[in-house]
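Visitor: Please find one structure pasted underneath; my questions will follow.
Computed from the coordinates by the stated procedures, all read-outs in this text should not be read as laboratory data. What you see is a predicted model; the values in this text were computed from it and never measured. Because the Cβ atoms are built from the backbone with ideal geometry, glycine has one as well, and the counts that use them run over all protein chains shown.
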Amino acid sequence: EEAEEAVASFERATLARPDDVAARLNLAIAAYRAGEPERAAELCDTILITAPELPDAHQLKGLALHALGDHAGALAAFRKAVAISPNSAKSWASIADIADDEDERIEAVEHAASVMLAACHESGATPSVLHRCISALISAQRFDDATSMLDSHRTRLDAVTYHDLLARTLYRKGAFEAAFRAKEFALLGMDLRSLPNTPKPSDFAPDAAMSAVAELSDILGSAGIECFLAAGTLLGMYREGRPLAHDRDADIGVMRGGDVAGVIRSHPSLMLAHDARPGDRYFALSFRNVAIDIFVHDARNDHLVCGVSSTPGDIQWRFSPFRLKRIEIAGRIWRIPDNAERYLAESYGPGWRTPDKGFASAISSPALFGVSDHARGYYALTRAKKSLLIGDAVKARALLRQSPVRMRFAMPP
């Protein structure tokens, strides 16, 4: 409703000032946000007749064309935007979102990071700009630049935010012990008295998650990539006939083979983080307002392994080998490991049939293999912090108890 009101407001403005390029661009933006990409693209075309060198019009046209499924047209529009305005971080980021050629995509990621780094220096690095800069540098795998930027602008951030960003950077670098310590400082700096006393309702909707997993599986399947229910999603579907109500995301497994990243990036309804690369072991995305994790499984030494990265010591799981079988659950046909009960026992222990809302596979799974204790501890701290922020102190305590590393942070009685 607000989006429709914005469109109507800008329509009146363009009627009053038909030659005002800014008013017409605002109308195009409003149309795009109101779910009218075709109209937004048409408005951009009319703007570009009189203002062909307006980078924002090319950028918006690219977004609209991508929403319409015109991948090539969108990419051409983004390329035009950066040709006109080489310091447009958002246009470089859009190329990084959808470029087919991995070399071009990586170049765009690096350009976006460099532009953001320069913006931080020039603007004095406001907290919001600094956040975006650190994310861009991490995506470009410029971890030392990210830590240097944080250290030089530390006084512009509160202690919790500084240590959170530092912990994230160090973890991605593979410095798990340092990341654990930084995350611990973030929790130590929190004012626990200001946090909610009762848990907020979860945004996770099991039925919506089931539909999103089915649709995403069809998208990947049409490209020859077979998906199967994995981890917590398999646990819920196999044990209860639906995803776990207390879960926070859905889990899909695939076997090593097809280009998962390429399929996702070429689809108008899907988006990957800039740091995702072809050949990665793990892909995270949001689809139909459902967070979905995709784990790529590799055959290794008579086992199947999957994990969140290829960095030694990072979270990974090792399973007995399995094939896939089809099974009907909740009126749909799904692929699952052919020995699902063995897989679940390896993932969650012999008591997998008994619900345990505090269990975290990345911290306590019997299938964890070759994982740094500090990486597990980092996950315990990170997830405990998220639980505290939504008022779930019970879950936070359960997560912290699972850490294999002793910590200075302790929950109040």
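Visitor: Quick one: work out the % antiparallel among DSSP beta bridges in the chain, nearest 5. Don't skip to the answer; put the middle values down first.
Guide: Numbers: 23 of 30 bridges.
Antiparallel bridges make up about 75 percent of those DSSP assigns within the chain.
Visitor: Testing the spin-label approximation: label points 7 Å from Cα along Cα→Cβ at ASP373 and ASP100. State their distance in nm.
Guide: Calculated label separation equals 5.1 nm.
Visitor: Nearest 0.05, what FRET efficiency do ALA16 and GLU38 give at R0 = 22 Å with Cβ-Cβ as r?
Guide: Numbers: r = 25 Å, r/R0 = 1.12.
FRET efficiency, ALA16 to GLU38: 0.35.
Visitor: A further question on this structure: In debye, nearest 20, what is the charge dipole magnitude of the chain about its Cα centre with +1 on Lys and Arg Cβ and -1 on Asp and Glu Cβ, if you could check? Don't skip to the end; give the middle numbers.
Guide: Values: 48 positive and 54 negative charges, 379 e Å.
Roughly 1820 debye, rounded to the nearest 20.
Visitor: Same structure, new question: From the square roots a ≥ b ≥ c of the eigenvalues of the alpha-carbon gyration tensor of the range 209-370, which class results: rounded (a/c under 1.5), prolate (a/b over b/c), or oblate?
Guide: On the way: a/c = 1.45, a/b = 1.15, b/c = 1.26.
Rounded, since a/c falls under 1.5.
Visitor: List the lysines whose alpha-carbon lies under 18 Å from that of LYS386, not counting same-chain residues fewer than 8 positions away?
Guide: LYS183, LYS200, LYS357, LYS395
Visitor: Give, rounded to the nearest 20 debye, the magnitude of the charge dipole that the range 336-382 has about its Cα centre when Lys and Arg contribute +1 at Cβ and Asp and Glu contribute -1 at Cβ. Working shown, then result.
Guide: Working: 4 positive and 5 negative charges, 26 e Å.
Approximately 120 debye in magnitude.
Visitor: By average Cβ neighbour count within 10 Å, what is the ranking of 176-183, 218-225 from highest down? Working shown, then result.
Guide: On the way: 176-183: 23.0, 218-225: 14.4.
Most protected by this proxy first, the peptides run 176-183, 218-225.
Visitor: Still on this structure, I have one more. List the lysines whose alpha-carbon lies under 19 Å from that of LYS61, not counting same-chain residues fewer than 8 positions away?
Guide: LYS80, LYS90
Visitor: So what's the projected area for the chain, the Cα convex hull averaged over all directions, in nm²? Walk me through the numbers before you get to the answer.
Guide: Values: hull surface 88.2 nm².
So the mean shadow area of the Cα hull is 22.0 nm².
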